[in-house]
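Asker: One structure follows; several queries about it will come next.
What follows is calculated from the coordinates using simple rules that are stated; it is not laboratory data. Keep in mind that what you see is a predicted model, and the values were worked out from it rather than measured. Every residue, glycine as well, gets a Cβ built from its backbone with ideal geometry; the counts of neighbours run over all protein chains shown.
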Amino acid sequence: MQAVRDLLYRLLPRPQPSGALGGDHRSAAKRLLILSRYPNPTVSYYLDERVKLAEIPVIMKSLDDSLDTIESEGLFVVICRYIKPSQLRWLEKRRTNLAGVAYFVDDDIRAVVTGREASWLYKFRLTTLAIRPLPRLNRLLTHIWVSTEALSRTLATAGQQIDILNPLPAHPANAPGNAVSEDVTPLKMVYHATGVHRHEHEFLMPIVKIAMERHPNVHFEVFASGALARRWGRQGIDPARMTIVAPLSWPAYLTRTTHQNADIALVPLLPGMTNASRADTKRVDITRLQAAAIFSQCPTFARCAVAGEFHISNTVEDWSAAIDQLVNDRQRRLAARDATRYSIEKMREQATPTFPGVRLNPAVTRHDVAIL
């Protein structure tokens with residue numbers, strides 16, 4: 001079965017610019033158009049801050065929005081992960097007017113579709129919105145932007161340039177709720193992840209069970225639905241000390257994690273093709289939660305690691321010991337919390353604030369047109 005998955009992975013199309021818009025003969029960009037499913041975490045982690053700093057006007061449209069009122073001459077288009085047929089047709093009809101078309105992706109989508117963890121509904125959505133349009137979209141693309149070096153190596157073909165668009169979160173000082181929390185009981189420990197991380201859920205189940213037996217002053221919160229929620233419910237953890245939350249929309253998750261903080265956040269990442277290409281954006285969520293995090297020791301979280309964080313091997317013993325230490329030592333929790341907040345500064349330092357390869361028209365400034 002794995003051989004079939006590997007074959008399908010190789011056969012699925014990948015983003016690959018054709019240079020059809022004329023290479024160096026393209027016009028300079030007068031404005032940016034960003035197409036995405038709004039709101040979503042990819043836009044929050046990678047695009048929102050860059051939009052604020054853009055030197056030309058920016059238009060942001062959701063996938064179901066009409067583009068008919070947009071002036072296409074000198075328009076540089078950024079496609080964030082997905083596109084629908086109506087918008088693709090709009091681009092095709094106006095291809096000679098465009099200043100460029102970039103495709104930005106922050107996941108190895110082929111790996112998700114051919115892997116074992118994602119639901120069939122999610123795979124269908126990825127196939128419909130991200131994979132099926134690629135043969136037509138590739139004829140328009142002039143740029144590919146990806147979130148990590150690992151993802152670049154996965155997607156690159158001979159002679160192809162792929163630019164890295166590192167996460168650029170908001171400055172921590174501008175994030176809501178940075179006050180030091182008082183020591184409270186019970187402590188709140190969380191694991192916030194989607195069903196795509198099924199292996200991580202399974203990895204944590206015995207670890208959390210052990211922790212809850214050792215520490216009666218801990219309440220555990222996990223995001224899960226369907227079979228995963230039922231499995232968490234069968235772990236023998238006191239239901240009064242565990243909250244299983246159905247996955248939330250992105251706006252609802254932002255609201256919840258802004259106003260309901262946590263003490264300890266579990267952030268495992270197991271080896272695998274999909275995880276190998278992931279960025280360390282989970283740090284942003286941890287900072288918003290004001291939690292002390294335990295990270296898997298792996299290249300993803302090593303990128304912006306700072307002293308004081310917990311980076312540990314993926315064993316039951318090491319994770320249990322780390323939880324014990326954070327539960328029993330408030331100062332260690334606060335130090336780990338602050339360390340991840342500092343790592344956001346490091347993340348910002350490593351990110352360029354511009355959109356790579358976009359040649360700007362010096363006669364146009366952001367102030368000429370408001371962001372729509």
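Asker: Quick one: which residues, 5 or more positions from Val78 or on another chain, have an amide H under 5 Å from its amide H? H modelled 1.01 Å from N in the peptide plane, none for Pro or chain starts.
Answerer: Amide H to amide H, under 5 Å and 5 or more residues apart or across chains, Val78 pairs with Leu33, Ile34, Leu35, Ala102.
Asker: Check region 48-204 and count each lysine pair with an alpha-carbon distance under 27 angstrom, considering only pairs eight or more places apart or from different chains.
Answerer: On the way: Lys52/Lys61; Lys52/Lys84; Lys61/Lys84; Lys61/Lys93; Lys61/Lys123; Lys84/Lys93; Lys84/Lys123.
Counting lysine pairs in region 48-204 gives 7.
Asker: Also: Nearest-5 percent of antiparallel DSSP beta bridges in the chain?
Answerer: Working: 0 of 40 bridges.
In the chain, DSSP labels about 0 percent of beta bridges as antiparallel.
Asker: At a temperature of 25 °C and a viscosity of 0.890 mPa s, determine how fast the chain diffuses translationally according to Stokes-Einstein, using the Kirkwood radius over alpha-carbon pairs as Rh; express D in µm²/s, rounded to the nearest whole number. Please list the in-between numbers first.
Answerer: Values: Rh = 22.1 Å.
Once the numbers are plugged in, D ends up at 111 µm²/s.
Asker: Moving on to the next point. For region 38-185, what number results from the quotient of the Cα radius of gyration and 2.2 N^0.38 Å?
Answerer: Values: Rg = 17.8 Å, N = 148, 2.2 N^0.38 = 14.7 Å.
Rg over 2.2 N^0.38 Å, computed on Cα atoms: 1.21.
Asker: DSSP loop (so not H, G, I, E, B), at most 14 other Cβ within 10 Å: list which trypsin sites (Lys or Arg not before Pro) in region 326-364 pass both filters. Don't jump to the answer; show the numbers that get you there.
Answerer: Values: sites: Arg330, Arg332, Arg333, Arg337, Arg341, Lys346, Arg348, Arg359; in loops: Arg359.
Filter output for region 326-364: Arg359.
Asker: Rounded to the nearest 500, what is the 222 nm mean residue ellipticity of the chain from helices alone, with -39500 (n - 2.57) per DSSP H run of 4+ residues and division by all residues? Mind showing how you got there, number by number?
Answerer: Details: 15 runs with 133 residues, N = 372.
Rounded to the nearest 500, the figure is -10000 deg cm²/dmol.
Asker: Just need the Rg to Rh number for region 256-372, please, alpha carbons only, Kirkwood Rh. Each step should come with its number before you reach the end.
Answerer: Details: Rg = 18.2 Å, Rh = 16.3 Å.
Rg divided by Rh gives 1.12.
Asker: For Ile144, list long-range residues whose amide hydrogen, built 1.01 Å from N in the peptide plane, is under 5 Å from its own amide hydrogen.
Answerer: Tyr103, Asp163
Asker: Would you please put 237-250, 125-138, 32-45 in order of how densely packed they are, using the mean number of other Cβ atoms within 10 angstrom per residue and starting with the highest? Display every interim value, and only then the final one.
Answerer: Numbers: 237-250: 13.3, 125-138: 16.6, 32-45: 20.1.
In decreasing order of mean packing, 237-250, 125-138, 32-45 become 32-45, 125-138, 237-250.
Asker: Oh, and also: Whole number please: convex hull volume per residue of the Cα set in region 73-130, in Å³?
Answerer: On the way: hull volume 4.2 nm³, N = 58.
In region 73-130, the Cα hull volume divided by residue count equals 72 Å³.
Asker: Dimensions of region 187-350 along principal axes (Cα, Å, largest first)?
Answerer: If we take the Cα atoms of region 187-350, the spans are 43, 33, 32 Å.
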